[in-house]
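The values are calculated or read from the model by the stated rules, or taken from the named source; none is laboratory data. The model shown is predicted, which means the values in this text are computed figures rather than measured ones. So basically every Cβ, Gly included, is an ideal-geometry build from the backbone, and we count neighbours across all protein chains shown. Areas reflect the complete protein model, heavy atoms only, side chains present, ligands, DNA and RNA absent. Shrake-Rupley method; radii C 1.70, N 1.55, O 1.52, S 1.80 Å.
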Amino acid sequence: MPRICAIFTHFASAERTLTCLRRLGAQTRQPEKVLIINNSTADDAVLPAARELAEEVLAPGALEVLQMESNLGNAGGCSHGIQHAFAELKADYVWVLDDDSWPRPESLEQLLAVDVPEDTVRMSMVIDPTKGDELSWPLTIVTGNENKPWKNITTRAELPEGNEIPSRGGWLGALYPREAWLRAGVPTPELFIRGEDEEYPWKVRAAGFRFITVAASPLEHPSARIPMIHYTHGAHSFFYEPGLPESRQYYKVRNWAWLQRLKHPGNYLRRLAACGFYIILTLRAMIHTDEVSVRKIYTLLRALHNGFYGKLRPY
């Protein structure tokens with residue numbers, strides 16, 4: 001039987017962390033290990049509460065806490081967590097969660113029930129239970145069309161039939177096998193937040209893996225407070241999140257531009273053009289949502305500049 005380690009980071013919310021731990025304890029097929037990556041202080045009150053809860057809902061010795069020296073964000077924390085789970089805990093798979101992503105009782109069992117080749121990453125379907133189990137965010141699926149190989153879908157009605165849905169890749173709810181870690185390493189810690197969800201799947205795909213989303217494996221996660229704006233141009237999609245704080249906007253944009261540098265290292269003009277379109281579409285969305293401000297525009301330009309030149313500077 002494969003050895004599964006579920007991981008998630010904790011920083012500020014004791015309630016979310018304990019709820020996630022409780023949901024893991026309710027799994028019909030429990031993970032052998034649950035690793036909480038603590039971005040908070042070592043004396044955070046949630047830690048003794050988590051250990052007490054783990055004694056009630058998990059197998060003896062299943063819970064581990066990995067203490068970070070400071071808040072490394074989700075990317076930094078999970079980078080250390082994945083390394084620890086595979087290298088020290090000898091996991092066969094790491095199931096990537098977050099403190100506010102809560103699996104239903106059958107979620108892990110349904111993931112493992114799908115028989116896939118070794119070079120496949122299985123993912124839970126991320127849904128928002130407060131909105132009738134609609135998709136929490138766009139899911140990029142494989143179309144089989146040479147001219148438009150990917151398609152972003154935003155509602156359950158658009159999902160293709162079947163339980164196994166070929167997808168472009170994912171982070172939250174992904175069940176990464178040990179071989180993916182051996183070939184692709186870990187997420188880049190300096191991404192901090194809003195980067196590992198694109199960077200790590202890209203590295204894993206580049207290492208020869210494919211992804212499938214398992215429809216029967218639901219993972220509850222809140223969707224954006226305000227619906228995202230979606231622009232399409234040919235095979236390309238652009239999403240803008242209204243109401244995003246400047247700090248999160250910075251990391252999202254900086255990490256996107258940095259990833260383009262990795263994908264197209266020798267194509268300066270292509271990356272420059274992509275950044276130009278990004279500016280135009282972002283300004284269009286800002287105008288549409290009445291979010292134009294000097295601070296937001298400055299954040300956009302600074303983030304693109306830093307990412308374009310490969311500088312992962314903090315906000």
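Counting only residues that are in a helix (DSSP H, G or I) and without any contact (Cβ under 8 Å) to a residue 60 or more places away in the chain, which one in segment 183-200 is surrounded by the most Cβ atoms within 10 Å (Cβ to Cβ)?
Y200
Go through segment 152-172 residue by residue and tally those that are open to solvent by 80 Å² or more (accessible area, probe 1.4 Å) and more than 14 Å from T213 (Cα to Cα).
1
Looking only at residues in segment 28-57 that are hydrophobic (A, V, I, L, M, F, W, C) and crowded, with 21+ Cβ neighbours inside 10 Å, which one is modelled with the lowest pLDDT?
V46
Of the residues L18, L66, L72, which single one is touching a strand residue (DSSP E or B) at 6+ places or on another chain (Cβ under 7 Å), open to solvent by 10 Å² or more (accessible area, probe 1.4 Å), hydrophobic (A, V, I, L, M, F, W, C) and modelled with pLDDT of 95 or more?
Values: L18 fails: touching a strand residue (DSSP E or B) at 6+ places or on another chain (Cβ under 7 Å); L72 fails: touching a strand residue (DSSP E or B) at 6+ places or on another chain (Cβ under 7 Å).
Answer to the selection: L66.
Mind listing whichever residues of segment 257-309 are open to solvent by 80 Å² or more (accessible area, probe 1.4 Å), part of a helix (DSSP H, G or I) and among the charged types (D, E, K, R)?
If the condition is that a residue be open to solvent by 80 Å² or more (accessible area, probe 1.4 Å), part of a helix (DSSP H, G or I) and among the charged types (D, E, K, R), then R261, R270, R284, R295 are the ones that fit.
Would you call I141 surrounded by 19 or more Cβ atoms within 10 Å (Cβ to Cβ) and farther than 30 Å from K90 by Cα?
For I141, the condition - surrounded by 19 or more Cβ atoms within 10 Å (Cβ to Cβ) and farther than 30 Å from K90 by Cα - is met.
Under the condition of being open to solvent by less than 20 Å² (accessible area, probe 1.4 Å), among the hydrophobic types (A, V, I, L, M, F, W, C) and touching a residue at least 60 places away in the same chain (Cβ under 8 Å), which residue from segment 173-182 is farthest from F86 (Cα to Cα)?
A174
Looking only at segment 1-15, which residues are within 17 Å of the chain's Cα centre (by Cα) and open to solvent by 50 Å² or more (accessible area, probe 1.4 Å)?
Residue satisfying the conditions is F11 alone.
Which condition does H233 not pass, out of (1) surrounded by 13 or more Cβ atoms within 10 Å (Cβ to Cβ); (2) modelled with pLDDT under 95; (3) of a type outside the set (D, E), if it passes all the others?
Single failed check for H233: (1).
Would you point out which residue out of A12, A54 is touching a strand residue (DSSP E or B) at 6+ places or on another chain (Cβ under 7 Å) and without any contact (Cβ under 8 Å) to a residue 60 or more places away in the chain?
Criteria check complete, one pass: A54.
Taking only pairs six or more apart or across chains, which ones have beta-carbon atoms under 9 Å, a first residue in segment 60-85 that is farther than 18 Å from L312 by Cα, and a second residue that is open to solvent by 60 Å² or more (accessible area, probe 1.4 Å) and part of a helix (DSSP H, G or I)?
That search, which allows pairs on different chains as well, returns L63/R51; L63/E55; V65/R51; L66/H80; M68/H80.
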